[in-house]
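A.B. asks: Quick one: this structure, given as structure tokens, is what I'll be asking you about.
Here, each number is a calculation from the coordinates, and none is a lab measurement. From a predicted model like this one, the values you see are computed outputs, not experimental measurements. Cβ sites come from the backbone with ideal geometry, for glycine too, and all protein chains shown count toward neighbours.
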Amino acid sequence: MNIPSLERYLKSFGSQVVKRAKGNLSAAGKGGALENSIDFFVIRKGGTVTVRFKMASYGKYVDKGVSGNKVRRTYKDYKGKTITSPFKYTTKQPPAGIIEKWIKRKGLKGRDKKGRFITHKSLSFLIARSIKSKGIQGISFFQKPLMRGMKEFSDKFGAAIKADIIKSIK
């Protein structure tokens, strides 16, 4: 069965979701490598056509967040429902070395209770401990455009299938 209308529909759907997800990341100030890794593919296999999305592996943590061991984090799924993040810090905390590099790149300086500067290593440990406790809030940068795309394109989906069926009968 030839299904060009459905395939065109899925390409339009995929490109719209990717465009909005990238825009959400930029607006949140979290662009860069993650933003550049987001893409989609329309796959034809047998008589089915599907759309698949891909991104850097850590994108799911940015999208859905990570609960801390004291604070539960949530995100909105593609249906608009608020769900607790499936990811959680339990015994380990984020690596302080990576946070230390981030601190140096940003030029941050920490101070103790008396106002004296503390080392980058000490500050990175304190930030890592805080992240372990409080977690990281998800920003639903991918879930929101997926939900919006499904709402907008649902009407067109039936029309695309109808057009393909009519073409195959002729």
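A.B. asks: Quick one: angle between helix 120-134 and the longest Cα principal axis of the chain, in degrees between 0 and 90, rounded to 10, please.
C.D. replies: Tilt of helix 120-134: around 50 degrees.
A.B. asks: Which net charge results for the neighbourhood of residue 85, defined as the other residues with beta-carbon distances under 9 angstrom from its beta-carbon, given Lys and Arg at +1 and Asp and Glu at -1?
C.D. replies: Residues near residue 85 contribute +4 overall.
A.B. asks: For the chain, what proportion of DSSP beta bridges, expressed in % and rounded to the nearest 5, is antiparallel?
C.D. replies: 95 percent
A.B. asks: Below 8 Å between Cα atoms, with a sequence gap of 6+, how large is the relative contact order for the chain in percent?
C.D. replies: It comes to 30 percent, rounded to a whole number.
A.B. asks: Taking amide H positions as placed 1.01 Å from N in the peptide plane, with prolines and chain starts having none, which residues 5 or more places from residue 88, or on another chain, fall under 5 Å of its amide H?
C.D. replies: Amide H neighbours of residue 88: 67.
A.B. asks: Then there is this: Give 114/134; 19/88; 88/113; 30/121 a once-over and call out the pairs whose C-alpha atoms are over 27 Å from each other.
C.D. replies: Too far apart for the 27 Å limit: 19/88; 88/113.
A.B. asks: Just to confirm a number: summing +1 for Lys and Arg and -1 for Asp and Glu over residues other than residue 16 whose beta-carbon lies under 9 angstrom from that of residue 16, what do you get?
C.D. replies: Overall, the nearby charge balance is +2.
A.B. asks: Mind checking which of 18, 47, 135 is farthest towards the positive end of the chain's charge dipole, using Cβ charges of +1 (Lys, Arg) and -1 (Asp, Glu) about the Cα centre?
C.D. replies: It is 135.
A.B. asks: Within the set of other residues whose C-beta is less than 10 Å from the C-beta of residue 70, count the net charge using Lys and Arg as +1 and Asp and Glu as -1.
C.D. replies: Here the charged neighbours net out to +3.
A.B. asks: Something else now. Which residues' amide hydrogens lie under 5 Å from the amide hydrogen of residue 74, considering only partners 5 or more residues apart or on another chain, with H built in the peptide plane?
C.D. replies: 85, 138
A.B. asks: So who's got an amide H within less than 5 Å of the one on residue 93, skipping anything under 5 residues away but keeping other chains? H placed 1.01 Å off N, in plane.
C.D. replies: Residues meeting the amide H criterion: none.
A.B. asks: For the range 97-112, just list the computed ³J(HN,Hα) in residue order, Karplus coefficients 6.51, -1.76 and 1.60, θ = phi - 60°, integers in Hz, with x standing in for Gly and Pro.
C.D. replies: x, 5, 5, 4, 4, 4, 4, 5, 4, 7, x, 7, 10, x, 10, 8
A.B. asks: Follow-up question, since we're still on this one. For a 32 Å ceiling on Cα separation, which of these pairs sit above it: 45/79; 79/132; 45/92?
C.D. replies: From the list (45/79; 79/132; 45/92), the Cα-Cα distance tops 32 Å for 45/92.
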